[in-house]
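Comments concern the structure below.
The values are calculated or read from the model by the stated rules, or taken from the named source; none is laboratory data. Please read these numbers as outputs of a predicted model, since none were measured by experiment. Cβ sites come from the backbone with ideal geometry, for glycine too, and all protein chains shown count toward neighbours. The area values use the complete protein model at the heavy-atom level, side chains included, leaving out ligands, DNA and RNA. Shrake-Rupley method; radii C 1.70, N 1.55, O 1.52, S 1.80 Å.
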Amino acid sequence: MADQVRSQDAERSDGWRPDTVAVAAGRPAPEPGAPLNQPLVLASNFRSAPPGETVGEYSRNNGTPGWAALESAVGALEGGRAVAFGSGMAAVAAVTDDLTVGARVVVPVDSYQVVRGLLQDGTEQGRWHVDAVDITDTAAVVAAVDGADLLWLESPSNPLMEVADLPALCAAGRAAGARVAVDNTFATPLLQRPLDLGADVVVHSATKFLGGHSDLLLGVAVARDDAEYARLYRRRVLSGGTPGALEAFLTLRGIRTLAVRVERAQESAGVLAARLAAHPAVERVRYPGLPGDPGHQRAAAQMTGFGAMLSFEVAGGAAAGDAVVAAVRLITAATSLGGVESTIERRAKLAGQEHIPPGLLRLSVGIEHVEDLWADLLAGLDAAAAAR
Ligand SMILES: *Cc1c(COP(=O)(O)O)cnc(C)c1O
């Protein structure tokens, strides 16, 4: 099933730009009378073939046309072969589940805190050893990856917006014999294609920008080659971390508007980052699009845009940060990100985030009018100043 849609997309999408691929990939065969969109497929069980022939018979083992359409679109966007999972973490676990006992994993200190939690649990269970590294220190990561089995990368990172030198680190990881995985959730495949930069696997929390409407959980892992694809696919069969039918449908529907959403949100993020950086109450803004950001040059070299996520610190630490979050009315105080609605969170309030400055606020910029977002942030900054 998956192979049919995939080869059709490979044939039709030849030469199309990513924004077009997001709209055109993963559609039913262009036959008269066919629906334009892959309909919602609610099926676990499929008729068996006569002896001697094989067909997909059971969705956990063989997928559904609904999953295949989504996987084909994400695979076309990332330049690899995709396997959809029930959440971003299920996709992450599909990568780590393949590690053998005693494996060594190199992971950035600043990476999604549940990924760190998963690796921490495995360490405590004696499954593997983890080296946490400063991902911006390329020489230190290259040294740490010697003898490692998995190099985990996330760039830009959640929530410090750190930028890893992906081409250099992917090359070093592969040279050292490590599998290289990149969490591409913040960038989306429209702004960064890690497989082209040398990674073996890309994972997404499609819950965020790909879905884009804060109404589903879904994950995707995308393999560079067929052997890696087979490993990921087998993890889904054995773990049962399958995506829901409706979630797969909605994620593909979200991908149709990914380019316009990301374009708009990214433009606003650039404006807000610059204004925040110039505001007297703001001590630091982290956004790779700012020319003075430590990750700016790397991001400019490996991304086609700087994305819709930024973090900033207000004078006054945690109390001031909390005052901003309490005062905003348009921007929602919420932990998730990547939706059409802007969200804000003081990340250091979460466990396992001790490396994060206490007052740091992570802002996921949505598609509201930028001036309304700015007015809301200004009101928040005023409230923080009044609370000091
Ligand atoms: C949310 C997130 C995840 C986990 O995805 P879920 O869909 O919540 O399981 C992984 N990585 C990053 C960067 C995230 O933001």
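The calculated FRET efficiency for Asp121 paired with Tyr58, based on their beta-carbon distance and R0 = 30 Å, is about 0.45. Paramagnetic label reach from Thr304 (point 7 Å along Cα→Cβ; backbone nitrogen cut-off under 18 Å): within the stretch 19-53, residues 19-26. Semi-axes of the equivalent ellipsoid of the chain are 35, 25, 18 Å, computed as sqrt(5λ) over the eigenvalues of the C-alpha gyration tensor in descending order. The residue list Gly212, Ser48, Ala223 was ranked by how far each Cα lies along the charge dipole of the chain toward its positive end, using unit charges on Cβ atoms, and Ser48 comes out on top.
Could you grab the relative contact order for the stretch 258-387? Cα pairs under 8 Å, six or more apart, rounded to a whole percent.
Computed value for the stretch 258-387: 27 percent relative contact order.
For the stretch 324-333, the Karplus equation 6.51 cos²θ - 1.76 cosθ + 1.60, evaluated at θ = phi - 60°, returns couplings of 4, 4, 6, 8, 5, 10, 7, 6, 8, 6 Hz by residue, with Gly and Pro reported as x.
Roughly speaking, to the nearest percent, how much of the chain's 1.4 Å accessible area is carbon and sulfur?
52 percent
Projecting the Cα atoms of Ala25, Ala132, Pro35 onto the charge dipole of the stretch 1-141 (Cβ charges, centred on the Cα centre) puts Pro35 farthest toward the positive pole.
Note on Val23 and Asp382: the extension gain reaches 125.1 nm, defined as 0.36 nm multiplied by sequence separation minus the Cα-Cα distance. In this structure the stretch 13-113 gives 46 Å² per residue of accessible area when probed at 1.4 Å with all protein chains present. Note on Glu371 and Ala315: with the Förster distance fixed at 30 Å, the Cβ-Cβ geometry gives a FRET efficiency of about 0.80.
For Asp183, the amide hydrogen comes within under 5 Å of the amide hydrogens of Leu153, Glu154, Ser155, Val203, counting only partners 5 or more places away or on other chains and with H modelled in the peptide plane.
How long are the three semi-axes of the equivalent ellipsoid of the stretch 258-387, in whole Å, if each is the root of 5 times an eigenvalue of the C-alpha gyration tensor, listed from largest down?
Rounded to whole Å, the semi-axes are 22, 17, 14.
The charge dipole of the chain, taken about its Cα centre with unit charges on the Cβ of Lys, Arg, Asp and Glu (plus for the first two, minus for the last two), comes to roughly 400 debye.
Distance between the 7 Å Cα→Cβ label points at Gln297 and Ala43: 5.5 nm. Spin-label model, Thr100 to Arg329: label points 7 Å out along the Cα-to-beta-carbon direction sit 6.2 nm apart. Does anything in the stretch 369-388 have its amide N under 13 Å from the 7 Å Cα→Cβ label point of His279, and if so which residues? Hits in the stretch 369-388 for His279 at 13 Å: 371-386.
Electrostatic bookkeeping for Ile331 treats Lys and Arg as +1 and Asp and Glu as -1; over the other residues with beta carbon under 11 Å from its beta carbon, the sum is -4. Solvent exposure of the stretch 258-387, expressed per residue, is 41 Å² of accessible area, with all protein chains present and a 1.4 angstrom probe.
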